[in-house]
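Structure first, commentary second.
The values are calculated or read from the model by the stated rules, or taken from the named source; none is laboratory data. Note that the structure is a prediction, hence the values are computed from the model and not measured. Here the Cβ is made from the backbone with ideal geometry for all residues, glycine too, and neighbour counts use every protein chain on show. Just so you know, the surface numbers come from the protein's heavy atoms only, side chains and all, with ligands and any DNA or RNA stripped out. Shrake-Rupley method; radii C 1.70, N 1.55, O 1.52, S 1.80 Å.
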Amino acid sequence: MKLLSIKALESVLFKGGNERLVRELRKQRTWTLVENPKTHHEGVCLLVRLLLRSGLITPEIIQSLLPWVNSPSENHRVTSTAFLAQLMSDPMLREKKFLKPVLHILEEKSQSRNSIVRQMAVRGLGNLVYGAPEKLKKHKKFLMVILIRALSDPFSSEVIGESMKAVAKVLKELKEKDIGSSFRDLTQEIRTYFDNEDDALRLWSFVLFGILARLTKRKWKGYFTEQECRATFHLCVPFLGLKRLQTAVNEHLDGTAELKPEELQVDICRHLAKENAELLENLYKSTIMYFFSRWEEIRAVAAKLA
């Protein structure tokens with residue numbers, strides 16, 4: 001049935017004088033992607049992108065596909081959500097007054113039982129950056145709530161990865177004050193993926209942390225610096241090969257309790273003195289180099305640590 005639908009669509013496009021589009025669809029293997037259940041959603045996104053570029057998607061087509069999002073057929077729900085996800089990147093939605101209802105649909109579908117539907121809903125919300133950038137700040141709170149929730153999707157790494165990409169797109173268009181209280185939740189959620197087994201998720205977690213670092217100006221600077229400290233220790237301590245030290249450090253850094261640098265320093269030095277005096281001596285030698293720093297605060301902290 002799907003094959004017949006593809007052939008029919010290709011025939012209509014060809015007879016309508018869109019030979020160049022048909023060639024482009026074949027060149028990018030669009031039909032192959034659409035036919036395969038595992039890549040169908042990506043094929044639909046590619047198809048919609050090319051159709052939009054050719055000006056072949058009309059308000060009537062959009063209106064006819066909207067009921068599909070609640071179809072009893074799972075295939076129809078996947079297809080329609082992928083269609084809307086890609087459509088969100090085009091100004092047509094705003095110009096034809098479809099933006100509000102589509103945002104509502106994507107919000108609802110972001111909690112679908114189907115992981116591909118959730119993934120496409122999150123992608124669509126991120127594409128608001130392209131389709132209606134002037135509306136981004138108006139919907140920023142709404143977007144961040146959904147995207148942060150998707151970062152902890154319990155069943156699909158694809159949904160998590162899609163959310164990371166969407167968050168990255170959104171954050172690049174916002175300022176620190178626009179993020180508000182979401183800053184704390186976002187930072188804590190991202191940190192959990194620094195040592196994830198999935199290479200892509202680890203990569204995107206560091207990308208997002210870098211974007212947050214550039215955004216940090218005043219209000220969240222202290223909090224973000226503390227989170228960086230926690231993350232750095234978590235990543236570096238295992239390489240020291242000292243299990244008891246790692247346990248002590250984890251006691252200080254796990255959870256969201258306030259970080260107490262002086263207590264952390266005391267525990268680290270105490271464990272190093274017992275287990276690796278040479279490493280402690282190297283730490284001391286590195287510390288005294290900061291006695292001559294240009295910054296008074298650095299000199300004071302170095303002296304205290306020494």
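Taking interchain pairs and intrachain pairs at least six residues apart, which have beta carbon atoms under 8 angstrom, with the first residue in segment 134-157 and under 24 Å from Leu93 (Cβ atoms) and the second open to solvent by 60 Å² or more (accessible area, probe 1.4 Å)?
Matching pairs, first to second residue: Lys135/Arg94; Leu136/Glu173; Phe142/Glu107; Ile146/Glu107; Ile148/Asp185.
Need a quick list: helices (runs of 4 or more DSSP H) entirely within segment 12-102 having at least 3 residues that are within 15 Å of Asn127 (Cα to Cα), of a type outside the set (D, E, K, R) and touching a His at 6+ places or on another chain (Cβ under 9 Å).
Per the criteria, 74-87.
Just to be sure I understand, how many residues within segment 284-305 are in contact (Cβ under 8 Å) with a residue 12 or more places away in the chain and within 38 Å of the chain's Cα centre (by Cα)?
4
Within segment 120-145, can you find the residues that are assigned to a helix (DSSP H, G or I), farther than 12 Å from Lys169 by Cβ and open to solvent by 20 Å² or more (accessible area, probe 1.4 Å)?
Glu134, Lys135, Lys140, Lys141, Phe142, Val145
Would you please list the contacts, defined by Cβ atoms under 7 Å and residues six or more apart or on different chains, that run from a residue in segment 175-192 that is surrounded by 14 or more Cβ atoms within 10 Å (Cβ to Cβ) to a residue that is among the charged types (D, E, K, R)?
Final answer for the pair search is Glu176/Lys217; Glu176/Lys219; Asp178/Lys137; Asp178/Lys140.
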